[in-house]
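What follows is a short report on a single structure.
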Amino acid sequence: MSNPIKREYDKMSITKDIIERENIIRRFQTTGFFDRNKAIEKILSLQYTDADMAFATVAKQTQFGGVDLYQADNNLIVANIQFQIDILKAKLAKLELEEKVNGGK
């Protein structure tokens, strides 16, 4: 049996992570302003705290090669943020589907 409070917390946390990352990209695309350190911190913090994200990152780096984020250009950092957004959206969709299948239990 799933804990509905934990599930709601997880959904809110994932949504917050998505919004924060989307705002970084939107600000860069609309104003040209890019806080590299904040963007890199967001990428690394999620890799350190989310096992699925860490695994996906390692798999991607194995396939395409890894680059030190502090040496990467802005577009590569934005691509990494978008990669995380895509995974987070999939995790959120999975939680919502499980909730629908289980009737919110």
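Table for the structure above
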{"quantity": "Heavy atoms of Thr30: accessible area, 1.4 Å probe, square angstrom to 10", "calculated": "100 Å²"}
{"quantity": "19 Å Cα-Cα reach of Lys89 towards aspartates and glutamates, excluding residues that sit fewer than 8 places from it in its own chain", "calculated": "Glu8, Asp10, Asp17, Glu20, Glu22, Asp50, Asp52, Glu98, Glu99"}
{"quantity": "Check: the chain dipole with +1 on Lys, Arg Cβ and -1 on Asp, Glu Cβ, in debye", "calculated": "240 debye"}
{"quantity": "Residue-span extension gain [Tyr9 to Val58] - 0.36 nm each, minus C-alpha spacing", "calculated": "15.0 nm"}
{"quantity": "Net charge contributed by nearby residues that have their C-beta within less than 9 Å of Arg7 (K/R +1, D/E -1)", "calculated": "-2"}
{"quantity": "Carbon + sulfur, % of accessible area of the chain - ligands and nucleic acids excluded, 1.4 Å", "calculated": "57 percent"}
{"quantity": "Mean accessible surface per residue for the chain, computed with a 1.4 Å probe while every protein chain stays in place, in Å²", "calculated": "67 Å²"}
{"quantity": "Mean residue ellipticity (222 nm) of the chain, computed from DSSP H runs ≥ 4 via -39,500 (n - 2.57), nearest 500", "calculated": "-27500 deg cm²/dmol"}
{"quantity": "The chain: DSSP helices with Cα axial extent of at least 24 Å and average Kyte-Doolittle hydropathy no lower than 1.0", "calculated": "none"}
{"quantity": "Relative contact order (%) - the chain, alpha-carbon pairs under 8 angstrom, separation at least six", "calculated": "45 percent"}
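The values are calculated or read from the model by the stated rules, or taken from the named source; none is laboratory data. Note that the structure is predicted; figures quoted are calculated from it, not measured. As a convention, Cβ positions derive from the backbone with ideal geometry for all residues, glycine included, and neighbour counts pool all protein chains shown. Heavy atoms of the whole protein, side chains included, go into the accessibility calculation; ligands, DNA and RNA do not. Shrake-Rupley method; radii C 1.70, N 1.55, O 1.52, S 1.80 Å.
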